[in-house]
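Novice: Below is the structure I would like to discuss, written out as structure tokens.
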């Protein structure tokens, strides 16, 4: 979605990614996305992948957005590329509670 809240034409896409942004950088920033955009897209019948800054501390809230897929990455790492089983377990526990 652009900053005006207008969803792009999803023709041919299985889902659209809602991700955080840092300056001109999108993806891999660890910044939270505007989660309200999930509802806008879902109300149009569009499947949504929510990414950006998702970790154990906000997993349940992210699940409650109604996104079809949650993309966890950096917040589950102890160092770049190294996933932590403890952090993964914590995120999964929060998802089960949601």
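The values are calculated or read from the model by the stated rules, or taken from the named source; none is laboratory data. In this text the structure is predicted, and so the values were computed from the model without any measurement. Here Cβ is always computed from backbone atoms with ideal geometry, including for glycine, and neighbour counts include all displayed protein chains.
Novice: Which residues, counting only those in segment 79-89, are under 14 Å from residue 30 (Cβ atoms) and surrounded by 11 or more Cβ atoms within 10 Å (Cβ to Cβ)?
Specialist: 87 - this is the single residue of segment 79-89 that is under 14 Å from residue 30 (Cβ atoms) and surrounded by 11 or more Cβ atoms within 10 Å (Cβ to Cβ).
Novice: Taking the condition out of contact with any strand residue (DSSP E or B) (no Cβ under 7 Å at 6 or more places or on another chain), assigned to a helix (DSSP H, G or I) and either within 20 Å of residue 27 (Cα to Cα) or without any contact (Cβ under 8 Å) to a residue 24 or more places away in the chain (or both), does residue 96 pass?
Specialist: yes
Novice: Just need a number here: residues in segment 45-69 that are surrounded by fewer than 17 Cβ atoms within 10 Å (Cβ to Cβ) and in contact with a helix residue (DSSP H, G or I) (Cβ under 6 Å, 6 or more places away or on another chain).
Specialist: Selection size over segment 45-69: 2.
Novice: Can you pull out the residues in segment 17-35 that are part of a loop (DSSP other than H, G, I, E, B), touching a strand residue (DSSP E or B) at 6+ places or on another chain (Cβ under 6 Å) and surrounded by 17 or more Cβ atoms within 10 Å (Cβ to Cβ)?
Specialist: Scanning segment 17-35 gives 19, 29, 33.
Novice: Being in contact with a strand residue (DSSP E or B) (Cβ under 6 Å, 6 or more places away or on another chain) and either within 12 Å of residue 15 (Cα to Cα) or in contact (Cβ under 8 Å) with a residue 24 or more places away in the chain (or both) is the requirement here; does residue 41 meet it?
Specialist: Working: in contact with a strand residue (DSSP E or B) (Cβ under 6 Å, 6 or more places away or on another chain): yes; either within 12 Å of residue 15 (Cα to Cα) or in contact (Cβ under 8 Å) with a residue 24 or more places away in the chain (or both): yes.
Answer is yes for this residue.
Novice: Applying the selection to segment 73-93, what residues are at pLDDT below 95 and part of a loop (DSSP other than H, G, I, E, B)?
Specialist: Across segment 73-93, the qualifying residues are 73, 80, 81.
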